[in-house]
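Everything below concerns the one structure shown next.
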Amino acid sequence: MKSIILAVLLIAAVGAGVYFLFFNKKKTEITGNEIQKELIVGKWKLDSFSHVKDPVKQFTGFATIVDSNFSNYVYHFQHDGKILRLFKGSVQKNSSSYEWTKGDHLLFKEENDSLGTKFSVFKLNKDSLVLQSLDSTTAFFTKMK
């Protein structure tokens, strides 16, 4: 009889431990659907892009993609929502900005653009960023050290 009571108590203790361990871990982990928006701050280099049709119409938020020197540009995303476009270390005059929308999309705006261009964020971590336009053009960025 004592062994049955001990077995039941042992099973209950193990079950309770697994339950609390599992649920406490789930609360602290970041799921794949959540985006850590603060990771976008910093300097990003545009490595490559793939486009479906015409990149001029597809990626207006990044005007330099149609430039043959697109790999020489660096985009500096700042905390205040500004984007500095750097070309080989020099700052070009621009008034680009970004903001997060309710659906975790990035909205890029140029100086005289009131609507902006919306991009889906497929990947954002400490060293890579993948954005896709509404027409499935995809840009691949890596974070600069």
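The values are calculated or read from the model by the stated rules, or taken from the named source; none is laboratory data. Not measured: the values here are computed from a predicted model. All Cβ positions, even for glycine, are placed from backbone atoms using ideal geometry, and neighbour counts span all protein chains on display.
Quick notes on this structure:
- Residue list for the stretch 105-145, filter: farther than 18 Å from residue 83 by Cβ, part of a loop (DSSP other than H, G, I, E, B) and charged (D, E, K, R): 126, 127, 135, 145
- Note on the stretch 119-135: residues that are within 13 Å of the chain's Cα centre (by Cα) and either modelled with pLDDT under 90 or more than 15 Å from residue 38 (Cβ to Cβ) (or both) amount to 8.
- Count of residues meeting criterion [part of a loop (DSSP other than H, G, I, E, B), among the small types (Gly, Ala, Ser) and either modelled with pLDDT of 80 or more or closer than 20 Å to residue 38 by Cβ (or both)] in the stretch 61-103: 2
- Figure legend. Inter-residue proximity from the stretch 71-85: first residues free of Cβ contacts under 8 Å to residues at least 40 places away in the same chain, second residues part of a loop (DSSP other than H, G, I, E, B) and aliphatic (A, V, I, L, M), beta-carbon distance below 7 Å, spacing 6+ or different chains. Indicated pairs: 77/41; 78/41; 79/41.
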